[in-house]
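Colleague: Mind looking over this structure? Questions follow.
No lab work stands behind these numbers, since they all come straight from the coordinates. This is a predicted model, so every value here is computed, not measured. Here the Cβ positions follow ideal geometry from the backbone for every residue, glycine too, while neighbour counts run over all protein chains shown.
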Amino acid sequence: MSSDFETLNKILDGRYSCRALHDKAVPIEDIHAIIQAAQKVPSWCNFQPWQVHLVRGDVRDTLSEKVMAAAMADEGVPDVPFPEKATGKHAERRRTCGLQLYQAVGVERGDRAGSRAQMLENYRFFGAPQAVVITTPKELGAYGVLDCGAFVTAFMMAAEAKGIATIAQASIAEMSDIVRETLGIPEDRDVLCAISFGYADAAHPANQFRTERAPLDEVLFVPES
């Protein structure tokens, strides 16, 4: 029998950012179970700042149309500012991830139209019929965001354990005003991200690569005594 650690590590190994999903809906009881499992993560003073806004059906289609139009017009401002820049290893990792994706789907270097078309798949929720949008109270600032990050991770791990693929999407948060208006989200909450989820189209080219992780010596630092 596998140990708890081995089971967890297997789930972590299995998770990836799924960029092509079938249109089969996930049963609502599975969605409830995933959220209830993810809620067990720790948070500052047990604030549990996350709220989960389920997007499906006509609401999903309406939101997709609106954020797609805004993206094509290069509009949108996120509630929580995106990173101003990425340098060094961060820039290299971002570049490598992009190149892996474009190579997988057959987009040649310099093909701006092809890369833009792939980027716009974000606003189609990568074909998923369902997604969730995660929000946090503005008043909790960075620590509300941090707690919600733990929830997002737990949501994706719980989904993976149920055989449900996921992808977290900051792109949706860039259209925060549209998301807030469409979903009826109060002004006192920040839109952080979406998570598209469903059943992976395992044969799709976009799902044929995996990103690497940094070696331990780039992550772990032990001060000398």
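Colleague: Amide H neighbours of Asp201 under 5 Å, counting only residues 5+ apart in sequence or on other chains, H built in-plane at 1.01 Å?
Modeller: Excluding prolines and chain starts, which carry no amide H, the hits are Ala20, Leu21, His22.
Colleague: Given region 106-224 reduced to its alpha-carbon atoms as identical point scatterers, what log10 I(q)/I(0) does the Debye formula return at q = 0.12, 0.15, 0.19, 0.23 Å⁻¹?
Modeller: The calculated log intensity ratios at q = 0.12, 0.15, 0.19, 0.23 Å⁻¹ are -0.60, -0.88, -1.17, -1.33.
Colleague: Whole-Hz ³J(HN,Hα) for each residue in region 68-82, computed from phi via Karplus 6.51 cos²θ - 1.76 cosθ + 1.60 with θ = phi - 60°, x for glycine and proline: what do you get?
Modeller: Along region 68-82, the couplings run 5, 4, 5, 5, 5, 8, 6, 9, x, 9, x, 5, 9, x, 6 Hz.
Colleague: Residues of region 195-225 with the amide nitrogen closer than 16 Å to a label point 7 Å from the Cα of Ala117, along Cα-to-Cβ, please.
Modeller: Of the residues in region 195-225, 205-206 have backbone N under 16 Å from the label point off Ala117.
Colleague: Another question about this same structure. How large is the translational diffusion coefficient of the chain in µm² per second when you combine the Kirkwood radius over alpha carbon pairs with Stokes-Einstein at 4 °C and 1.567 mPa s?
Modeller: Values: Rh = 18.8 Å.
Result for D is 69 µm²/s.
Colleague: Using 0.36 nm per residue of separation minus the Cα-Cα distance, give me the extension gain between Ala73 and Phe209 in nm, one decimal. Show your work: numbers first, answer last.
Modeller: Working: separation 136, 0.36 × 136 = 48.96 nm, distance 3.00 nm.
Answer, rounded to one decimal: 46.0 nm.
Colleague: On to the next question. Out of residues 5 or more away from Gln130 or on other chains, whose amide H comes under 5 Å of its own, with H placed 1.01 Å from N in the peptide plane?
Modeller: Residues meeting the amide H criterion: Phe197.
Colleague: Let me ask you something else. Determine the gain in length on full extension of the stretch Arg94-Leu54; use 0.36 nm per residue of separation and subtract their C-alpha separation, reporting nm with one decimal. Mind showing how you got there, number by number?
Modeller: On the way: separation 40, 0.36 × 40 = 14.40 nm, distance 2.89 nm.
Result: 11.5 nm gained on full extension.
Colleague: Stretch Asn46-Asp188 to full length: gain in nm at 0.36 nm per residue minus the Cα-Cα span? The partial results should precede the final answer.
Modeller: Values: separation 142, 0.36 × 142 = 51.12 nm, distance 1.94 nm.
Residue separation times 0.36 nm, minus the Cα-Cα distance, leaves 49.2 nm.
Colleague: Kindly write out, for region 188-198 in residue order, the coupling ³J(HN,Hα) from the Karplus curve 6.51 cos²θ - 1.76 cosθ + 1.60 (θ = phi - 60°), rounded to whole Hz, with x marking Gly and Pro.
Modeller: With the stated coefficients, region 188-198 comes to 8, 10, 8, 7, 9, 5, 10, 10, 7, 8, x Hz.
Colleague: May I ask what percent, to the nearest 5, of DSSP beta bridges between residues of the chain are antiparallel? Write out the running numbers ahead of the final one.
Modeller: Values: 20 of 21 bridges.
Percentage antiparallel, nearest 5: 95.
Colleague: If you split all Cα-Cα distances of region 174-225 into 5 Å bins from zero, what percentages do you get per bin, shortest first?
Modeller: It works out to 4, 12, 12, 10, 9, 13, 15, 13, 8, 4, 1, 0, in whole percents.
Colleague: Let me ask you something else. Percent relative contact order of the chain, based on C-alpha pairs within less than 8 angstrom and at least six residues apart?
Modeller: Values: 309 pairs, mean separation 83.8, N = 225.
In percent, rounded to a whole number, it is 37.
Colleague: In region 60-169, if the dipole is taken from +1 on Lys/Arg beta carbons and -1 on Asp/Glu beta carbons about the Cα centre, which of Ala150, Gly88, Pro78 is farthest to the positive end?
Modeller: After comparing all options, I get Gly88.
Colleague: On to the next question. With only alpha-carbon pairs counted, each pair once and no self-pairs, how large is the Kirkwood hydrodynamic radius of region 131-190 in angstroms?
Modeller: On the way: mean 1/r = 0.0793 Å⁻¹.
One decimal place: 12.6 Å for the Kirkwood radius.
Colleague: Per the Kirkwood definition applied to all pairs of different Cα atoms, how many angstroms is the hydrodynamic radius of region 1-102? Each step should come with its number before you reach the end.
Modeller: Numbers: mean 1/r = 0.0544 Å⁻¹.
Answer for region 1-102: a Kirkwood hydrodynamic radius of 18.4 Å.
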